[in-house]
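Note sheet for the following structure.
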């Protein structure tokens, strides 16, 4: 079997058969299915947002963690305001362009590209954070995973990459079952926890027996400027609960009609569920005495001594499930398993969103064109691979630490929030100038007020995030956003410049034919490849045909001339002198001299090349030919014609020929 056949078979086994372009279908979603499909990203943040709030407050000691519900309440207020603002977004822009479309349309292309850079990074960080958190929940289910979270997260990236490269469409019903099961379990925790708390039978979490050691400078708790700053940091970390809210704005076309209304209602329901879940987790975490710190070995003590060596800190949601469902272990395991699945689904949404946004940006000329084309499974393969590599690098670089990755995550989220709300303010202001209907004007004014409050709120949170998180990793996101922005603008300028350069400004000149064709065949020795190149050149019937060779060794050159004359070939052979034994420079010099003498002539250089079947053969052949070809391509008015000669080692490499009847000529 040919090597190409083996490679193709492996690719088909891994990715599946190619799919026709017309086979991609789209099914519109009712609200009961759209809610879980688009809610997975936002709900998955409940797996780590409460952790980050408690972790930050624990820096000031155990007493400081008691204010976690109040910090959560602040996050909920921002969440509901953002949800209300995005309800206006989906009504005004139901096309699915999301924040990128809003910013580009209302604030200009520069702002649009800035938002796009933030969104691209958000998608990458969604994968990194979700799968890092998933690996932590995997460790609660399988203790052997503990200490290997980064490796597990990278493996999960690879699995999701393969699944998406296969073009497997997300099963809406499968998503619905998983997300509704998560909601059901969260409801069960809330109801069971509330009943047991009111009845006085709610047990304490396993970590409640430990004391939290405050960091230096926070021995007095949350007092003074340092305390206020720490609360602000906790609020900024908890604001990660807002991630995924914008997903519905890009998925409006997937809703059944009336699309905008159904999307707005689904968004409102998502906001209520997310807010209730966050507050439920924080309130029950305080009631069960859950401790969650960044470094248990140094921040937790047991009766004044260190924590046991076998103590493993589980995520807050896992600890909460173990406490609430104490005496019924399967329920706690079910919470961990379903949360793990939800985190996988949340990461998978980025494998859809990132390639789609990349395709839009590539179509607009801000990213390489390759990101706009679909693979043979109708997936945006290049975008999927780009996302996977970036996410895997982040996971490895930050050792799958959710806390460290969160510092990078929040900045991009609120940059896109803030810019989209500013864009909506411009949208409503412009629309009011031309709208005569009083009822419609009143509705627009209400929407403008909502978006105005949303802009003020998100801008304030963005400022808090930048102030409190800048030195903890937010600067990395800002630098990355700036780099992506500069690269995208440079790509657009390049495409614009090339488009302008290639435009048909003079049609008559473009249609003009060359006066003559001057064909040159390069000869190193007389063998089958040379004879084939001569035959190809002769059959093209050029105006002028000659062969040239470079005289590096006098004896070899004289022998070549004798053989040429003995064969009585009807093509003159010219010897180019090379006193310094160079090959490329004399050929280039001669070809350019032909161009100078006849600028309107087309020069075609026939270059015999070996086609080899093994990688190591490339090191032994064609080195001079490749260098010469690379230099000739920069010479205007010159065409390089590669004349292939298939060596026997290349037999069957295309998978098209019958190897039993293969002939090299």
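Bear in mind that the values in this text are calculations on the coordinates, not laboratory data. Being a predicted model, the structure only gives us computed values, none of them experimental. Note: ideal-geometry Cβ built from the backbone for every residue, glycine included; neighbour counts use all protein chains shown.
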Notebook entry, point to check: Once both labels are modelled 7 Å past Cα along the beta-carbon direction, what's the residue 620-residue 540 spacing in nm?
Noted result: 3.0
Next item on the list: Give me 105, 477, 471 ranked fewest to most by other Cβ atoms within 10 Å of their Cβ, as a rough exposure proxy.
Entry: 471, 105, 477
Margin query: Angle check, please: helix 402-432 long axis (alpha carbons) against the longest principal axis of the chain (alpha carbons), in degrees 0 to 90, nearest 10.
Written below: 90
Notebook entry, point to check: Among 641-649, 576-584, 82-90, what's the highest-first ranking by average C-beta atoms within 10 angstrom per residue?
Noted result: 82-90, 641-649, 576-584
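Using C-alpha positions alone, give me the convex hull volume of the stretch 222-307 per residue in cubic angstrom.
Looking at the stretch 222-307, the number lands at 150 Å³ per residue.
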Next item on the list: At 37 °C and 0.692 mPa s, grab the translational diffusion coefficient of the stretch 86-209 from Stokes-Einstein with a Kirkwood Rh over Cα pairs, rounded to a whole number in µm² per second.
Entry: 174
Next item on the list: For the chain, take the alpha-carbon Rg, divide it by the Kirkwood Rh, and send me Rg/Rh.
Entry: 1.12
Notebook entry, point to check: Taking only DSSP H segments of four or more residues, each worth -39500 (n - 2.57), what value at 222 nm results for the chain once the sum is divided by all its residues, to the nearest 500 deg cm²/dmol?
Noted result: -20500 deg cm²/dmol
Check: By how many nm would the segment from residue 635 to residue 580 grow when fully extended, if each residue of separation counts as 0.36 nm and the alpha-carbon distance is taken off?
Finding: 17.5 nm
Next item on the list: Relative to the longest principal axis of the C-alpha atoms of the chain, give the angle of the C-alpha long axis of helix 109-141, reported between 0 and 90° and rounded to the nearest 10°.
Entry: 60
Item checked: Per residue Cα convex hull volume in Å³ - calculated over the stretch 70-148 -> 149
Notebook entry, point to check: Over the chain, what is the mean sequence separation of C-alpha contacts under 8 Å (at least six apart), divided by residue count, expressed as relative contact order in percent?
Noted result: 20
Item checked: Two-decimal Rg/Rh across the stretch 291-406, once Rg and the Kirkwood Rh are taken from alpha-carbon atoms -> 1.16
Notebook entry, point to check: Looking at the stretch 429-493, what % of the alpha carbon pairs are farther apart than 13 Å?
Noted result: 74
Next item on the list: Work out Dmax and Rg for the stretch 147-256 from the C-alpha atoms and quote the Rg first, both in angstrom.
Entry: 21.3, 56
Notebook entry, point to check: Just how many % of Cα pairs in the stretch 475-544 lie over 14 Å apart, if you round to the nearest whole percent?
Noted result: 77
Notebook entry, point to check: Which of the peptides 42-48, 390-396 is most tightly packed, and how do the rest follow, judged by the mean count of other Cβ atoms within 10 Å per residue?
Noted result: 42-48, 390-396
Note to self: I need two numbers for the stretch 507-661: Rg to one decimal and Dmax as a whole number, Cα atoms only, in Å.
What the structure shows: 16.9, 52
Checklist line | Hydrodynamic radius by Kirkwood, which averages 1/r over all alpha carbon pairs of the stretch 437-565, in angstrom | finding: 23.4
Item checked: Reference-scaled alpha-carbon Rg (2.2 N^0.38 Å with N residues) for the stretch 187-345 -> 1.27
Notebook entry, point to check: What ratio of Cα Rg to 2.2 N^0.38 Å holds for the stretch 359-455?
Noted result: 1.61
Next item on the list: Please find the FRET efficiency linking residue 181 to residue 445, where r is the Cβ-Cβ separation and R0 is fixed at 51 Å, and quote it to the nearest 0.05.
Entry: 0.75
Check: Roughly what % of DSSP beta bridges within the chain run antiparallel, to the nearest 5?
Finding: 15
Note to self: Report the Cα centroid-to-centroid distance between the stretch 183-205 and the stretch 541-620 in angstrom, as an integer.
What the structure shows: 86
Note to self: Cut-off is 10 Å between beta-carbons; in what order do 363, 259 appear when sorted fewest neighbours first?
What the structure shows: 363, 259
